[in-house]
């Protein structure tokens, strides 16, 4: 699988179908936002299928994004699972240095597995757990390649917010198209079943639990330290105000 070719293809298709992809992404994004992410699954399903149709040379229609509400429950299950996993790694990410490294390593994996899972549900009508297993199998077959690809797509999707602040509106459709195209290629491949043995599962579970506990402690310590700093700054402000006869306020800046 030539990932560079897929990215180039994504750029070409995006430029040729700029209007409909932008409008579809705007509407899907707005509905997902207003619904607090509850309707993100059906919206992403519609965008992925729209991207696949455009790639096949079929006529892409805006109504495609409204054609997958019957997948609300299965896609919601996957979305909630993603949120829960992200929350766990958010806590782990509070661990100095190692937490940031773990988040960097895990985020691209979660991103591509999520989109592939939604793709298998929307395109092949798989059950959520079967779609998730199939997505993990696809990733495990070419982990480094797909990790790099996902990282690049995440960067392309978010670069608009860095450069133009609201420019993410222009770059997100490109990211969605990129995920749609890589799903199409991976869905056609036969991949071996990926399964961790009992010992590996135990090691992974214990490691995750330890990291989670350290992350919680790190969060509590960080909040406690910030609270102590704020109390100290408030006390110093009162003392200086009393000594000078003028209102003095000492602020705390994060280092």
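Is at least one residue of region 185-192 in contact (Cβ under 8 Å) with a residue 12 or more places away in the chain and over 30 Å from residue 24 (Cα atoms)? Explain how you work it out, then say what you get.
Quick first cut of region 185-192, residues in contact (Cβ under 8 Å) with a residue 12 or more places away in the chain only: 185-187, 189, 191-192.
Still in the running and over 30 Å from residue 24 (Cα atoms): 191-192.
The answer is yes, given that some residue of region 185-192 is in contact (Cβ under 8 Å) with a residue 12 or more places away in the chain and over 30 Å from residue 24 (Cα atoms).
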Yes or no: region 160-172 includes at least one residue that is assigned to a loop (DSSP other than H, G, I, E, B), at pLDDT below 85 and exposed (fewer than 12 other Cβ atoms within 10 Å of the Cβ). yes
Q.
Among the residues of region 35-43, are any touching a residue at least 40 places away in the same chain (Cβ under 8 Å), over 19 Å from the mean Cα position of the chain (by Cα) and assigned by TED's automatic domain parsing to the domain that holds residue 126?
A. no
Checking 65, 121 in turn, the sole residue that is touching a helix residue (DSSP H, G or I) at 6+ places or on another chain (Cβ under 8 Å) and either under 22 Å from residue 144 (Cα atoms) or modelled with pLDDT under 95 (or both) turns out to be 65
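One residue is enough: does region 231-242 have a residue meeting the conditions surrounded by fewer than 11 Cβ atoms within 10 Å (Cβ to Cβ), modelled with pLDDT under 90 and not in a helix (DSSP H, G or I)? I'd like the intermediate steps shown before the answer.
Of all residues in region 231-242, those surrounded by fewer than 11 Cβ atoms within 10 Å (Cβ to Cβ) come to 231, 242.
If we keep only those that are modelled with pLDDT under 90 as well, we get 231, 242.
Checking the rest, the ones that are also not in a helix (DSSP H, G or I) come to none.
So far as region 231-242 goes, no, none of its residues is surrounded by fewer than 11 Cβ atoms within 10 Å (Cβ to Cβ), modelled with pLDDT under 90 and not in a helix (DSSP H, G or I).
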Going through region 95-105 in order, the residues found to be in a loop (DSSP other than H, G, I, E, B) and surrounded by fewer than 19 Cβ atoms within 10 Å (Cβ to Cβ) are 96, 97
Restricting attention to region 5-32, the residues that are closer than 29 Å to residue 77 by Cβ and surrounded by fewer than 12 Cβ atoms within 10 Å (Cβ to Cβ) number exactly 1
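Considering each residue of region 10-21, count those that are touching a helix residue (DSSP H, G or I) at 6+ places or on another chain (Cβ under 9 Å), assigned to a helix (DSSP H, G or I) and over 17 Å from residue 148 (Cα atoms), and give that number.
7
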Restricting region 112-132 to residues that are in contact (Cβ under 8 Å) with a residue 60 or more places away in the chain and more than 15 Å from residue 6 (Cβ to Cβ), the one surrounded by the most Cβ atoms within 10 Å (Cβ to Cβ) turns out to be 118
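The values are calculated or read from the model by the stated rules, or taken from the named source; none is laboratory data. Keep in mind that what you see is a predicted model, and the values were worked out from it rather than measured. Counting neighbours? That spans all protein chains shown, and the Cβs are built from the backbone with ideal geometry, glycine included.
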